[in-house]
């Protein structure tokens, strides 16, 4: 090494240690969302805006989503370390060899719902028999329908499905192109634009015994092995951000709107609907994100009923060891 | 310029304004709900005036889409013409690779886009690639047709004069193919716009396609229509630019389709 090079190296090292006192090396995390931006994505931008990820030494890159299947593929391939997906999708993926595990729950109550015109005479899910339901082919509702149908004692084939573009759901109901639309409860404010609120009927599957888990955080298993601390810090920050977001909905949407072209009023309504899925005794007692082994088993059973071979025990599909301790308990 | 020469030039804008007026009147008179069809004024308001409940950041998104369209058009034009010259240069190459290009062109973009996303993520490069895949084929096919459509007598003549293959291309085939190339570029100009928007629809966090798909999700209709107006404006402008270039580069042929 020449004198000059040595001097440069020494300078560089000095610069590193000088900076190192305050800034630990940042861990880069690519975070794959489940879908295009909606109100329930506000916490991630709250955490970015308030510098909470940075505080924990995380450099988080939020990526717009394309559905749960895509999120599982991205996380399995290591293109994202952590993602959001509907719990049955990563369970099926793992059963087929994908390197993904569920590491935390987002909604404690399943958000699947059905919308209809009140004057159609539908009062309970069993009334769906013989009706036409509009739902996209790859939609989680359609995937879950056979399990829900058998739960409520309806022959799954007694319902006629029409394939529609996801964004066309409210219009399909508004213009009565279908009797019923399957859409998450969180989409209610948008449905109310197409159907007057007093004429819009909505039933939550969860209120009729549908007990599966839905939106969950998933992680790449190699990443969990090589960087468990980063996973733990990530969940700590996102649940802290959830706690803040649920208490400060307008402010959180204000922050989200700095990053995405959204209609704030619509998104406040959307996030207010989302909050209902956190108001459960389970979350009150165990903290946001808590994974209930019995419900996880129910979710795995639903995947099994679809004909997926489950060879490993339930504990292979999820782990609760990265959840924040102490947990964030959202008080109402 | 007097009124007689000005009047024909105003025909197209007059038709557009009249259509917008009919649209506005229909929405107001028939009380069409905004989520089904907003009035053009409401769409324009969302574009030009600050909204109390949203900040659409049009500047950022317009820039993102324009950049995608611009780069995609340049890349597609250059690569498409280069491919066509390669194919015309050698019969063997053409026979071997033409089926491949037809194959690529017949892939439904909506089906392969998620695969591209899995490989390269979303963003500028992905949307340019999607726009290229949607729009390169017309450039290749038209240029190739132009390079091959040479009068046999003319070829006999230059061969008799011992012209090299290079000379035949530079002096005969390429100038002869110019009108064909411009036809290909005109098709490409609008297809590039479609491709860029399709890319943004499938996954993006910037661009007019992103605003449109986001607003569809929340039934926020006026920005959808504002976005569509801008997108078609870009398509028409690029088409007109190609037409202008055609008139400048080929002053002898003034009968192309004009925007």
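With chain B treated as a Gaussian network of Cα nodes joined by springs under 10 Å, which of B:219, B:166, B:229 yields the largest mean-square fluctuation? Evaluated over chain B, the most mobile residue of the options is B:166. When each of the peptides A:267-276, B:190-199 is scored by how many other beta carbons lie within 10 Å of its residues on average, the order from highest to lowest is B:190-199, A:267-276. Size descriptors for the protein assembly as shown, from the alpha-carbon set: Rg then Dmax equal 28.8, 94 Å. A Gaussian network model of chain B, with springs between Cα atoms under 10 Å, assigns the largest mean-square fluctuation among B:109, B:36, B:211 to B:36.
Note on residue A:126/residue A:163: beta-carbon distance plugged into 1/(1 + (r/R0)^6) with R0 of 30 Å gives a FRET efficiency of 0.80. Starting from a Cα-only point model with no solvent, please compute log10 I(q)/I(0) by Debye for chain A at q = 0.13, 0.15, 0.16 1/Å. For chain A at q = 0.13, 0.15, 0.16 Å⁻¹, log10 I(q)/I(0) is -0.99, -1.29, -1.44. Using a cutoff of 8 angstrom between alpha carbon atoms and counting only pairs six or more residues apart, the relative contact order for region B:157-230 works out to 14 percent.
Once the Cα-Cα distance is subtracted from the 0.36 nm per residue extended length, the residue A:119 to residue A:265 segment shows a gain of 49.7 nm. DSSP bridge analysis restricted to chain A gives an antiparallel fraction near 55%, rounded to the nearest 5. Inter-part distance, region B:155-177 to region A:289-332, computed on C-alpha centroids, equals 73 Å.
By the count of neighbouring beta-carbon atoms within 10 Å, fewest first, A:68, B:106, A:138 end up ordered B:106, A:138, A:68. With each label modelled as a point 7 angstrom along the Cα→C-beta vector, the residue A:314-residue B:105 pair spans 5.7 nm.
Here the contact order of region B:54-249, divided by its residue count and restricted to Cα pairs under 8 Å and six or more residues apart, works out to 29 percent. Inter-chain neighbour count for A:253-264: the average number of beta-carbon atoms from partner chains within 10 Å of each residue's beta-carbon is 5. Each residue, residue B:125 and residue A:155, gets one label point 7 Å from its Cα in the Cβ direction; the gap between the two is 5.4 nm.
Within 10 Å of the Cβ of each residue in A:61-73, the mean number of Cβ atoms contributed by other protein chains is 3. In plain terms, the C-alpha convex hull of chain B casts an average shadow of 19.0 nm² when viewed from every direction.
FRET efficiency for the residue A:279 to residue B:11 pair, using the beta carbon distance and R₀ = 45 Å, is estimated at 0.15. Spatially, region A:83-101 and region B:65-90 are offset by 41 Å when compared through their Cα centroids. Between the C-alpha center of region A:135-159 and that of region A:211-253 there is a gap of 29 Å. P(r) for region A:113-208, from all Cα pairs and a bin width of 10 Å, is 17, 57, 26, 1 %, short bins first.
Taking Cα pairs under 8 Å and at least six residues apart, what relative contact order does chain A come out at, in percent?
On the way: 571 pairs, mean separation 84.5, N = 332.
Once divided by the residue count of chain A, the mean separation gives 25 percent.
What is the mean number of Cβ atoms from other protein chains located within 10 Å of the Cβ atom of each residue in peptide B:214-226, rounded to a whole number?
Values: counts 9, 5, 8, 13, 16, 14, 7, 2, 1, 2, 1, 0, 0.
That works out to 6 on average.
Site pair residue B:53 and residue A:297 shows an inter-label distance of 4.6 nm when each label is modelled 7 Å from Cα along Cα→Cβ. Springs join every pair of Cα atoms under 10 Å in this Gaussian network model of chain A, and among A:169, A:50, A:142 the largest mean-square fluctuation is at A:50.
Length gain on complete extension for the stretch residue B:96 to residue B:160, per 0.36 nm per residue less the alpha carbon to alpha carbon distance? List each step's numbers first, then the result.
Numbers: separation 64, 0.36 × 64 = 23.04 nm, distance 3.00 nm.
Here the segment from residue B:96 to residue B:160 would lengthen by 20.0 nm.
Rounded to the nearest 0.05, the FRET efficiency derived from the C-beta distance between residue B:21 and residue A:199 at R0 = 22 Å is 0.05.
No value in this document is a laboratory result; all are computed from the given coordinates. Please read all numbers here as calculations on a predicted model, not as lab measurements. With ideal geometry, Cβ positions are generated from the backbone for all residues, glycine too; neighbour counts draw on all protein chains shown.
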